[in-house]
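Everything below concerns the one structure shown next.
Each reported figure results from applying straightforward, stated rules to the coordinates on display, with no laboratory input. Every value quoted in this text rests on a predicted model; they were computed, and no experiment measured them. In this analysis, Cβ positions are derived from the backbone assuming ideal geometry, glycine residues included, and neighbour counts consider all displayed protein chains.
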Amino acid sequence: NAGVMQNPRHLVRRRGQEARLRCSPMKGHSHVYWYRQLPEEGLKFMVYLQKENIIDESGMPKERFSAEFPKEGPSILRIQQVVRGDSAAYFCASSPHSYEQYFGPGTRLTVT
Amino acid sequence: RKEVEQDPGPFNVPEGATVAFNCTYSNSASQSFFWYRQDCRKEPKLLMSVYSSGNEDGRFTAQLNRASQYISLLIRDSKLSDSATYLCVVNMAETSYDKVIFGPGTSLSVIP
């Protein structure tokens, strides 16, 4: 059973470009979570999704950020018009239920 | 009071030492507790769940004190490979789904 997959592992974007991060949950997991971790800081919850539904987006910035988890395919975290402050590690986690979460290796976004 | 609090450390201990971390939580209705470890620039990994009666996994012992609302992690005979950040995770209980909160983490360095 493959673990949580994230791609790309590293992403470099210039200010103003769009960043698209993908997450494929573990087989059989229907819950997906996205977290952001700034250098030397803790994990910050962003959004929780189930298939085709956003359950909790209380941690998402109001603008430029969106997430989806379509019926088919990976979950996508999209950041439009990136700024330098968006540079961080973005982790995706999946779960068969709402408690134990299994993390992917993360995508490290660098905005130049 | 923050929902989940941890002493950030760093804890610097010699190999072979015993070290203990505490984590306090604010919601007395919380029912599920976990410890994760995160190595530098890697994803968090589930270390162990914390059960009401306490549980042990090799050199690691986790305990729950509901009256004082804290959980603890004890590491015996520390190894160099135990160096990491240890994250306490607690469910919130009062949300519409089983939301968990990650603590800020406690940094451990085991030195030769």
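Comparison of A:Pro8, A:Pro39 shows that the only residue that is under 22 Å from B:Ala84 (Cα atoms) and not aliphatic (A, V, I, L, M) is A:Pro39. Only a single item in (1) under 23 Å from B:Cys40 (Cβ atoms); (2) surrounded by fewer than 16 Cβ atoms within 10 Å (Cβ to Cβ) is not met by A:Phe45, and it is number (2). If you go through region B:23-41 and pick out every residue that is touching a strand residue (DSSP E or B) at 6+ places or on another chain (Cβ under 7 Å) and either without any contact (Cβ under 8 Å) to a residue 24 or more places away in the chain or hydroxyl-bearing (Ser, Thr, Tyr) (or both), you end up with 5. Looking only at region B:90-112, residues that are at the interface with another protein chain (Cβ under 8 Å from one of its Cβ atoms), buried (at least 21 other Cβ atoms within 10 Å of the Cβ) and in a strand (DSSP E or B) come to 3 in all.
Taking into account only those residues within region A:73-89 that are among the aliphatic types (A, V, I, L, M) and more than 8 Å from every other protein chain (Cβ to nearest Cβ), which is surrounded by the fewest Cβ atoms within 10 Å (Cβ to Cβ)?
The extreme case among them is A:Val83.
For region B:43-61, name all the residues that are in contact (Cβ under 8 Å) with a residue 12 or more places away in the chain and away from chain A (no Cβ under 14 Å). Selection gives B:Ser52, B:Arg59, B:Phe60, B:Thr61. Output the residues belonging to region A:90-112 that are surrounded by fewer than 21 Cβ atoms within 10 Å (Cβ to Cβ) and farther than 19 Å from A:Ile55 by Cα. Matches in region A:90-112: A:Pro105, A:Arg108, A:Thr110, A:Val111, A:Thr112. Of the strands (runs of 3 or more DSSP E) lying entirely inside region B:28-78, those carrying at least 1 residues that are surrounded by fewer than 17 Cβ atoms within 10 Å (Cβ to Cβ) and touching an Asp or Glu at 6+ places or on another chain (Cβ under 8 Å) are B:44-50.
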